[in-house]
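The values are calculated or read from the model by the stated rules, or taken from the named source; none is laboratory data. Since the structure is predicted, the reported quantities are computational estimates derived from the model, not experimental observations. Quick reminder, even Gly has a Cβ in these numbers, built from the backbone with ideal geometry, and neighbours come from all protein chains shown. Accessible surface areas use protein heavy atoms only, side chains included; no ligands, DNA or RNA. Shrake-Rupley method; radii C 1.70, N 1.55, O 1.52, S 1.80 Å.
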Amino acid sequence: MTRPAIYIAITNHGFGHAVRAASVAAQIQKFCPDVLLFLVTQAPRWLLESYISGDFVVRSRAFDVGVVQSDSITMDKLATRSKLEDIKQRQRSIVAREVDFIRQNRINLVLADIPPLAAPIARSAGVPGWMMSNFGWDFIYRDWGEEFQEIADWIGECFGQCDRLFRLPLHEQMTAFPVIEDMGLTGGDPRYDLAKLRADFQIKTSVEKTIMLTFGGLGLDAIPYNHLGRFPDYQFITFDSNSPDLDNLIKPRDMVKSSPSLAEYSRLRPVDLMPLCGRVISKPGYSTFAEALRLDIPLVSLVRSGFAESPILIEGLENYGFHQILTAAEFLTGNWEFLREPLNPPRLSETLDKNGSKAIAEAVVELY
């Protein structure tokens, strides 16, 4: 019997798409240990390994650009359009090359989050082409005006070749896709004993006074760490390697690298520490929102202009989670008194399905 092989194409934008695709890949591997996973991405291997415990192959390719950014907030639309036009011009050669790879490796399925070319690649290779996301890039670019309409139309044509879309919560309508199945939230599950985590990382504050700062793979250059000194009785946690050394700022990744006694935490992720926190401060991003909502962790989110997904994410957060919404000025130059203010409760009493990663993986495994 031929070993099942899956080609998982991940959009080339930050860490969020890689996180949710890897969370699904981990579940696929759990249900079908013999599966051969090809992760087609330029995301760092350490990030993928923090979610996928077994073997997998990385094929370093980028079929889209997402949005060119200098950090998690600042976008370069001109550079984005230039790179998209280059990819569009090379579509035929990109598809041909990947079809050869799929056939040589006897791959049975293309699962994508959510590079548009993955759909025509699967169609040309003669294998099912499935996708997962809460938005399509056509939706993002169409909001940027007339100069992006042709690119958005091309992306929509690619998405129209998708055989099956797993639409995640906090989504736009995604009308370019012919077949849509709604799924629950994706994300990883905390994997460490919480009491041991508190002891090993010397977290002595209460949950209410333990705050995580996380802005994804692109980071945020302007994080005003100087404000932390106003809260000496609080403990802050960051995975930002460029953050300063402060008495009330814990940098778990740096601690693991410098201390052999913490070697067991080499694959530590923000989601592993979220249950110790009373608030997670972030920018609008599906994966951070989804993992916090799955764990019922309150979120403090900055607003983000010029990115059509952001209002949808903010509305979803207001509907389903305890939250605070900040302007850039409140975060960058304010006094951060929002930390002492009560959280806003969710608007809706209903909750979101939290089993998206498992459900998508189960659908994949049914092919075998």
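Values as computed for the structure displayed
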{"quantity": "Folded to 0 to 90 degrees: helix 309-320 orientation relative to the chain principal axis, Cα", "calculated": "60 degrees"}
{"quantity": "Relative intensity, log₁₀ I(q)/I(0), of the range 1-85 from a Debye sum that treats every alpha carbon as a point, q = 0.10, 0.12, 0.20, 0.22 Å⁻¹", "calculated": "-0.29, -0.40, -0.88, -1.00"}
{"quantity": "Area accessible to solvent at SER243, 1.4 Å probe radius, in Å²", "calculated": "10 Å²"}
{"quantity": "Of all accessible heavy-atom area on the range 71-158, the percent that carbon and sulfur account for (1.4 Å)", "calculated": "43 percent"}
{"quantity": "Volume per residue of the C-alpha convex hull in the range 266-305, rounded to whole Å³", "calculated": "71 Å³"}
{"quantity": "For the range 132-284: Kirkwood Rh in Å [reciprocal of mean 1/r, alpha carbons]", "calculated": "18.5 Å"}
{"quantity": "Under 5 Å, built H, 5+ apart or other chain: amide partners of LEU302", "calculated": "SER282, LYS283, LEU326"}
{"quantity": "25 °C / 0.890 mPa s Stokes-Einstein diffusion coefficient of the range 201-347, Kirkwood radius on C-alpha pairs, µm²/s", "calculated": "156 µm²/s"}
{"quantity": "Charge dipole of the range 169-229 about the Cα centre (unit charges at C-beta), most positive-ward option of GLY187, ASN226, ALA199", "calculated": "ALA199"}
{"quantity": "From phi via Karplus (6.51, -1.76, 1.60), per-residue ³J(HN,Hα) for the range 92-106 in Hz, x at Gly/Pro", "calculated": "4, 6, 4, 4, 4, 5, 6, 4, 4, 5, 4, 6, 5, 9, 6"}
{"quantity": "Members of LYS196/LYS251; LYS257/LYS354; LYS209/LYS283 lying beyond 23 Å, as alpha-carbon distances in this model show", "calculated": "LYS257/LYS354"}
{"quantity": "Highest to lowest packing among 40-53, 344-357, 291-304, 160-173, scored as the average C-beta count within 10 Å", "calculated": "291-304, 160-173, 40-53, 344-357"}
{"quantity": "Cβ crowding within 10 Å averaged over residues, with 323-330, 15-22 ranked highest first", "calculated": "15-22, 323-330"}
{"quantity": "Mean ellipticity per residue at 222 nm, deg cm²/dmol - from DSSP H runs of n ≥ 4 across the chain, formula -39500 (n - 2.57)", "calculated": "-10000 deg cm²/dmol"}
{"quantity": "Karplus (6.51, -1.76, 1.60) ³J(HN,Hα), θ = phi - 60°, over the range 183-196, in Hz, Gly and Pro reported as x", "calculated": "10, x, 5, 9, x, x, 9, x, 10, 10, 5, 5, 5, 5"}
{"quantity": "Share antiparallel - DSSP beta bridges, the range 1-116, percent rounded to 5", "calculated": "5 percent"}
{"quantity": "Mean projected area in nm² (Cα convex hull; one quarter of hull surface) for the range 315-368", "calculated": "5.8 nm²"}
{"quantity": "Order by protection proxy (mean Cβ within 10 Å, highest first), peptides 231-242, 198-209", "calculated": "231-242, 198-209"}
{"quantity": "Dipole moment magnitude, nearest 20 debye, the chain about Cα centre, only Lys, Arg, Asp, Glu C-beta charged", "calculated": "940 debye"}
{"quantity": "Cα centroid separation - the range 335-353 against the range 193-264, whole Å", "calculated": "22 Å"}
{"quantity": "Candidate lysines - alpha carbon under 27 Å from LYS88, same-chain residues fewer than 8 apart omitted", "calculated": "LYS77"}
{"quantity": "Whole-number D in µm²/s for the range 46-136 (Stokes-Einstein; Kirkwood sum over Cα pairs; 10 °C, 1.306 mPa s)", "calculated": "106 µm²/s"}
{"quantity": "Hydrodynamic radius of the chain per Kirkwood, over alpha carbon pairs, in Å", "calculated": "21.3 Å"}
{"quantity": "³J(HN,Hα), Karplus 6.51/-1.76/1.60, whole Hz, each residue of the range 20-29, x for Gly, Pro", "calculated": "6, 5, 5, 5, 6, 4, 4, 5, 4, 5"}
{"quantity": "Reciprocal of mean inverse Cα separation for the range 11-166 (Kirkwood radius, Å)", "calculated": "16.1 Å"}
{"quantity": "In degrees, nearest ten, helix 149-159 long axis to first principal axis of the chain (Cα)", "calculated": "70 degrees"}
{"quantity": "Enclosed volume per residue, in Å³, of the convex hull spanned by Cα atoms of the range 236-312", "calculated": "118 Å³"}
